[in-house]
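Right, one structure below, let's go through it.
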2 protein chains.
Amino acid sequence: MDEILTKKQEALIRSLQTRHGRKKSDLCLCEGIKSCKEILSINLQLIETAVCSEDFKSDDFSSVDFVKVTADKFQSLSSFSASEGILFIVKRPEFKVSGPLSDSFTILLDKVSDPGNLGTIIRTVRATGLGELWMTEGTVDPFCNKAIRAALASQFALQIRLFANLADAICEFRRIGSDRIYITNPHSGASCFTEAGLFDKSLIIFGNEAHGTENIHNIADLTIPMPGNIDSINVAQSVTVILFEAVRRKESN
Amino acid sequence: MDEILTKKQEALIRSLQTRHGRKKSDLCLCEGIKSCKEILSINLQLIETAVCSEDFKSDDFSSVDFVKVTADKFQSLSSFSASEGILFIVKRPEFKVSGPLSDSFTILLDKVSDPGNLGTIIRTVRATGLGELWMTEGTVDPFCNKAIRAALASQFALQIRLFANLADAICEFRRIGSDRIYITNPHSGASCFTEAGLFDKSLIIFGNEAHGTENIHNIADLTIPMPGNIDSINVAQSVTVILFEAVRRKESN
């Protein structure tokens, strides 16, 4: 009882490669074995349509009803240069708008623009056990194809809060969280390795790859010591250092 | 006394976009302001030819003799979708083949295949103050365009040693370094946050993105604790966690 991919479904898949198409439909594309497995483990109900190549074989997806297409057709639908023969059309989760904080500290990304960076950050946030991520408008879409691929679909397991701008996010954090707010700065500030209480109901802000963040009054600078002769590291690496410093402190307690 | 870009130079630039072209000439391409500035700060002698767009303006490159081309021509030579108007044809540094170790510990990449990952790792290695990086054949070319872009040309400041395979690298490290050798493993091993002597004349091995490393006898597993519900993190993130754990320990001494 294999179904046939309709023209409409095919057009939908192609449209979901574009930002405009995703916006119009509130759906997104999830490709590849690892990402699709992740969707399955998070919530089967997210899947709108599952498509696989006729030669796709895996025991991990027995609970899924697939629309099967020829290998050539599948490759033409895929954004992977060598497709893995599986893709899901997935409901786009809504951004969280209110409610109490779910973690002991919170990461806020301000206008991070590279989808690969954002996806990597999301995957690392999930790996370290946080349930929530904050971002401002101007940050790249966390449900675009490249971000989903880099995160291996971890974004579907996180609560993401989106704010109009940095000031709004800070204001909200002061209301529901605390006054302990840091902005990362490559050149000055307290060291992330020695700052006491760094992860104690705090908000830690990371800026855009090229331009950093705007100057905000009354917020503490936080820095990652860098002994090497270099101006800065990639924002995804900075977030990783901070996230794993939190893991380390927890482990050593 | 501006020079004109010859047909031969133009063909060379185009050929350097390909692996084959780089291999044939022992040259590579460095694009963009930050990367070109880095080359300048490392060694002016690396530059074979400097090309800029006629509308390019910067005070940082007054020591460089440019070949100027029209903005349209420059964009057609550039691999950036929005070029920054500056590129260098650069001599490809030779791999280091022998000599004493330059750092207190050493990172070995075994067949890391993504040029963005490799570039990010190289930039982070440099940021933490190491002078050397080891890799095995099968690792992507550290002087390909994407790796240079991701590293912002940091690879020109590092000594890179390349080995035919993992066994050869380990053998050489035992000869000139020590027996303290670790392989990172996402699931088991000593914690990188508590292992004593982790950075004491050690070699720390990171495997391929998808397949990890082959099993090697008598080498200790090292793991990065991950409280979240996820299988593994990106190899560039793993290297970053380890590198900054070394910085942290040094700072706290």
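With the label put 7 angstrom out from Cα along the Cα-to-Cβ vector, B:A167 ends up 6.6 nm from the copy partners, going from closest to farthest.
Peptide B:235-243 is shielded by partner chain Cβ atoms: per residue, an average of 5 of them sit within 10 Å of its Cβ. The separation of the stretch B:32-89 from the stretch A:44-91, counted between C-alpha centres, amounts to 44 Å. For chain B, the longest principal axis of the C-alpha atoms and the axis of helix B:115-127 are separated by about 80°. Across the identical copies, the label point of B:P227 (7 Å from Cα in the Cβ direction) is separated from its matches by 2.8 nm, in order from shortest. With the simple spin-label model, which puts each label point 7 Å out from Cα in the Cβ direction, the A:D65 to B:D59 separation comes to 6.9 nm. Sorted shortest first, the distances from the B:L44 label point to those of the same residue in the other copies are 6.9 nm; each point sits 7 Å from Cα along Cα-to-Cβ.
Tell me the net charge near A:I216. Cut-off is 15 Å between Cβ atoms, A:I216 excluded, with +1 for each Lys or Arg and -1 for each Asp or Glu.
Residues near A:I216 contribute -3 overall.
Determine the shape class of the stretch B:7-91: with a ≥ b ≥ c the square roots of the Cα gyration tensor eigenvalues, call it rounded for a/c under 1.5, and otherwise prolate if a/b is greater than b/c, oblate otherwise. Note, shape of the stretch B:7-91 comes out oblate. The rotation axis bringing chain B onto chain A passes closest to the chain B residue reported with its distance as B:T240, 2, by C-beta distance in whole Å. Summary value for the stretch A:105-251: 29 percent relative contact order, contacts being C-alpha pairs under 8 angstrom separated by 6+ residues. Loop-located trypsin sites (Lys or Arg not before Pro) in the stretch A:1-63 (DSSP state not H, G, I, E or B) with no more than 16 neighbouring Cβ atoms inside 10 Å: A:K57. Pairs of Cα atoms nearer than 8 Å and 6+ residues apart set the relative contact order; for chain A it is 18 percent.
Based on Cα contacts under 8 Å between residues 6+ apart, the stretch A:7-91 shows a relative contact order of 40 percent. Would you mind pulling out the separation of the Cα centroids of the stretch A:12-26 and the stretch B:151-186, in Å? Cα centres, the stretch A:12-26 to the stretch B:151-186: 45 Å. Interface size, chains B and A: roughly 2600 Å² of accessible area buried, both sides included, 1.4 Å probe, rounded to the nearest 100. Of all the stretches in chain A, which is the longest one without any exposed loop site, taking GluC sites (Glu not before Pro) in a DSSP loop (any state but H, G, I, E, B) with at most 15 other Cβ atoms within 10 Å? Counting only loop sites that pass the neighbour cut-off, the longest clear stretch is A:95-208. Among A:T49, A:H20, A:Q75, flag the residue with its Cα farthest along the positive direction of the charge dipole of the stretch A:7-91, charges on Cβ as +1 for Lys/Arg and -1 for Asp/Glu. Result: A:H20. Under 5 Å from the amide H of A:T49 lie the amide H atoms of A:I89, each residue being 5 or more positions distant or on a separate chain, with H modelled from the backbone and absent for Pro and chain starts. Within the stretch B:74-112, whose backbone N sits under 14 Å from a point 7 Å along Cα→Cβ of B:E132? Inside the label zone: B:95-109. Using 0.36 nm per residue and subtracting the Cα-Cα separation, the extra length available between B:E10 and B:A196 on full extension is 61.6 nm.
The values are calculated or read from the model by the stated rules, or taken from the named source; none is laboratory data. Just so you know, these numbers come straight off a predicted model, no measurement behind them. Note that each Cβ is placed from the backbone with ideal geometry, even for glycine, and that neighbours are counted across all protein chains shown. All accessible areas refer to the heavy atoms of the entire protein, side chains included, with ligands and DNA or RNA removed. Shrake-Rupley method; radii C 1.70, N 1.55, O 1.52, S 1.80 Å.
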